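The values are calculated or read from the model by the stated rules, or taken from the named source; none is laboratory data. Just so you know, these numbers come straight off a predicted model, no measurement behind them. Note that each Cβ is placed from the backbone with ideal geometry, even for glycine, and that neighbours are counted across all protein chains shown.
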Amino acid sequence: MKTHYLPIISGLFIILFFTSCNKQTNTISFQLDMTKAIEEGWFNPDDDVVGLRGDVHPLSWSETYPAGIMLQDGIYTLNVPFEFAGDSAELNYKIKVEGAGNPDEGWQQGRNHRLVVYRNKKQTLNLAWNDKAPEPISTISGHVDIIRKFDSGELANRDIYVYLPPGYYESAQRYKVLYMHDGQNIFDEASIGQEWGLDEAAETLIQSKKIEPLIIVGIANTADRIDEYTPSQINWKYSFTREENNSSHALNGTYITETGERLKIKTDGDTLKVILPGYDNWQYTEKKGVNTYYQPTAGITFVFEINNEGRAKGIKASKAPMGGKGLQYENFIIGQVKPFIDSTYRTNPSPEYTAIGGSSLGGLISLYTGLRHPRVFNQLVVLSPSLWWDKAMIFDWVDTIKTNDYQKIWLYMGGQEGEEAVNNARKMYSMLKTNGWSVIYEEADLGQHNETAWKQQANNILLFVAAQ
């Protein structure tokens, strides 16, 4: 099965769909009980839209999959046709409400709910707004120190997780160190409900003498993750021109960019709805001023340009600037985290004993930071990197920097992460190899873009780092 990400409008909208004769589909029926939210007085069935977000297609964390029918007061039904490779997939999901003035921006409180979706198995789930997912039990293996609210200077404070290998306190040895982004995901399922299992993998490999003992440092992310994990800032602005149509309404109709992306607008009473380029479902907006509307799911502001007849002739669409704190983040790691680790623990601080790694945007910033500082990080672990960021600026940048013959790179991509993502990874591998770097490329046919897939690479990650 192949998964495809189609970038719409410079990669900031992404639609996910599946094509293959080998894909497996299973429709799960959800009943969403919003009666408690109605009783609390903030959820209005006439104005608000309720649905699900999650990490298995067609659910995503960036867009709400809306419930279509309200069976009775406050009870909605939602049938979701999941598509995945293999016989099952682990789903993490939550209720999400779209509308103005909702608590926690409409997110269901607590941890993500979890479910294993099975091929050809009928599943029906009842989920109420006030249901809480069970608190997971800590899954840390071995010895992990946790430094809470580490002083991060001009950036937001965060936790630091430090895995120490078996025998650390009984020896005088100095150890290789692997620094990992998204640190709360690395060792403990109790943190976010998922983990990479690097602690279990390290314990097994070290005790079986398949790798030399090493220290693993997990640097937790913050609410500024996107900004910190990206080397450049995106300023997203587009102009749409209204196409000729028969609508007499001042705003309704289809709007198009110079490059052909279409935006659809319709009004429903006092509410304005949009279909974003690449999507096929209507999404609500919030009125922010005269001829100004905000779509909270995508974070886009639409300003209508009105002609002398009082009809819209075009739309200026924009998002708040995002990204671009990558240099500050790398300075934090090199100038604060690494000196703290080297002074607190028995590390070998030299470059050949220091590695950096991460996934998604964490993979992007690992590649960028590592290549910028070859005399700090000798090994780079780059999983599922978001190479599309800022019109794929990373390719032009990599093609201009000086090659070295001592740095080692392990590049990974899952075959189910999308055609564009896979092609970008292959292109980056070819570029790095051609330009003279030592690089290994791994592609897992059934790998998706989530912790479950990255956990399956835990042994490979540690074998690569330990071998260098």
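What is the residue count in the stretch 263-315 for residues that are in contact with a strand residue (DSSP E or B) (Cβ under 8 Å, 6 or more places away or on another chain) and assigned to a strand (DSSP E or B)?
30
Could you please give the count of residues in the stretch 35-68 that are part of a strand (DSSP E or B) and charged (D, E, K, R)? Explain how you work it out, then say what you get.
Narrowing the stretch 35-68 to residues part of a strand (DSSP E or B): 49-54, 65-66.
From the residues that got through so far, the ones that are charged (D, E, K, R) too are 53.
Residues flagged as part of a strand (DSSP E or B) and charged (D, E, K, R) within the stretch 35-68 amount to 1.
Test each condition in (1) touching a Gly at 6+ places or on another chain (Cβ under 7 Å); (2) without any contact (Cβ under 8 Å) to a residue 40 or more places away in the chain for PRO339 and report the one that comes out false.
Among (1) touching a Gly at 6+ places or on another chain (Cβ under 7 Å); (2) without any contact (Cβ under 8 Å) to a residue 40 or more places away in the chain, PRO339 violates only (1).
Return the total of residues in the stretch 283-316 being under 15 Å from GLY253 (Cβ atoms) and aliphatic (A, V, I, L, M).
Residues meeting the conditions: 3.
Name the single residue, out of those in the stretch 136-158 being touching an Asp or Glu at 6+ places or on another chain (Cβ under 7 Å) and among the hydroxyl-bearing types (Ser, Thr, Tyr), that is farthest from PRO213 (Cα to Cα).
Per the criteria, the residue is SER138.
Quick test for you: out of TYR429, TYR412, pick the one residue that is part of a helix (DSSP H, G or I), surrounded by 19 or more Cβ atoms within 10 Å (Cβ to Cβ) and in contact (Cβ under 8 Å) with a residue 12 or more places away in the chain.
Exactly one of TYR429, TYR412 is part of a helix (DSSP H, G or I), surrounded by 19 or more Cβ atoms within 10 Å (Cβ to Cβ) and in contact (Cβ under 8 Å) with a residue 12 or more places away in the chain, namely TYR429.
Given the criterion more than 17 Å from the chain's Cα centre (by Cα), closer than 26 Å to ARG225 by Cβ and crowded, with 21+ Cβ neighbours inside 10 Å, identify the matching residue among LEU371, LEU387.
On the way: LEU387 fails: more than 17 Å from the chain's Cα centre (by Cα).
Only one candidate passes the filter, namely LEU371.
Say we look at the stretch 31-80 and pick out the residues that are in contact with an Asp or Glu (Cβ under 6 Å, 6 or more places away or on another chain) and in contact (Cβ under 8 Å) with a residue 60 or more places away in the chain; which of these is farthest from TYR93 (Cα to Cα)?
Among those that are in contact with an Asp or Glu (Cβ under 6 Å, 6 or more places away or on another chain) and in contact (Cβ under 8 Å) with a residue 60 or more places away in the chain, it is VAL49.
Which one is surrounded by the fewest Cβ atoms within 10 Å (Cβ to Cβ), of the residues in the stretch 74-103 that are in a loop (DSSP other than H, G, I, E, B) and in contact with a helix residue (DSSP H, G or I) (Cβ under 7 Å, 6 or more places away or on another chain)?
GLY99
Taking the stretch 134-154, which residues are within 22 Å of ARG225 (Cβ to Cβ) and either exposed (fewer than 14 other Cβ atoms within 10 Å of the Cβ) or touching a strand residue (DSSP E or B) at 6+ places or on another chain (Cβ under 7 Å) (or both)?
VAL144, ILE146, ILE147, ARG148, LYS149, PHE150, ASP151, SER152, GLY153, GLU154 - these are the residues of the stretch 134-154 that are within 22 Å of ARG225 (Cβ to Cβ) and either exposed (fewer than 14 other Cβ atoms within 10 Å of the Cβ) or touching a strand residue (DSSP E or B) at 6+ places or on another chain (Cβ under 7 Å) (or both).
It is to be established whether one or more residues within the stretch 242-259 are farther than 19 Å from VAL303 by Cα and in contact (Cβ under 8 Å) with a residue 40 or more places away in the chain.
Checked the stretch 242-259: no residue is farther than 19 Å from VAL303 by Cα and in contact (Cβ under 8 Å) with a residue 40 or more places away in the chain.
Quick one: which of LYS273, LYS319, LYS313 is at pLDDT below 95, surrounded by fewer than 16 Cβ atoms within 10 Å (Cβ to Cβ) and over 30 Å from LEU380 (Cα atoms)? Walk me through it before giving the result.
Numbers: LYS273 fails: surrounded by fewer than 16 Cβ atoms within 10 Å (Cβ to Cβ); LYS319 fails: surrounded by fewer than 16 Cβ atoms within 10 Å (Cβ to Cβ).
That would be LYS313, the only listed residue that is at pLDDT below 95, surrounded by fewer than 16 Cβ atoms within 10 Å (Cβ to Cβ) and over 30 Å from LEU380 (Cα atoms).
Within the stretch 330-358, how many residues are outside any helix (DSSP H, G or I) and either surrounded by 14 or more Cβ atoms within 10 Å (Cβ to Cβ) or β-branched (Val, Ile, Thr) (or both)?
Looking only at that region, the number is 10.
Among the residues of the stretch 233-253, write down those that are of a type outside the set (A, V, I, L, M, F, W, C) and surrounded by fewer than 16 Cβ atoms within 10 Å (Cβ to Cβ).
GLN233, ASN235, LYS237, SER239, THR241, GLU243, GLU244, ASN245, ASN246, SER247, SER248, HIS249
Which count do you get for residues in the stretch 340-389 that are polar (S, T, N, Q) and farther than 18 Å from VAL217 by Cβ?
Residues in the stretch 340-389 being polar (S, T, N, Q) and farther than 18 Å from VAL217 by Cβ: 3 in total.
Looking only at residues that are acidic (Asp, Glu) and surrounded by fewer than 20 Cβ atoms within 10 Å (Cβ to Cβ) in the stretch 190-211, which one is nearest to ALA133 (Cα to Cα)?
GLU200
Could you identify the single residue in ASP405, ASP396, ASP390 that is acidic (Asp, Glu) and either in the same structural domain as GLY253 (by TED's automatic domain parsing) or without any contact (Cβ under 8 Å) to a residue 24 or more places away in the chain (or both)? If you could, list the steps in order and put the result at the bottom.
Working: ASP405 fails: either in the same structural domain as GLY253 (by TED's automatic domain parsing) or without any contact (Cβ under 8 Å) to a residue 24 or more places away in the chain (or both); ASP390 fails: either in the same structural domain as GLY253 (by TED's automatic domain parsing) or without any contact (Cβ under 8 Å) to a residue 24 or more places away in the chain (or both).
Of ASP405, ASP396, ASP390, the one residue that is acidic (Asp, Glu) and either in the same structural domain as GLY253 (by TED's automatic domain parsing) or without any contact (Cβ under 8 Å) to a residue 24 or more places away in the chain (or both) is ASP396.
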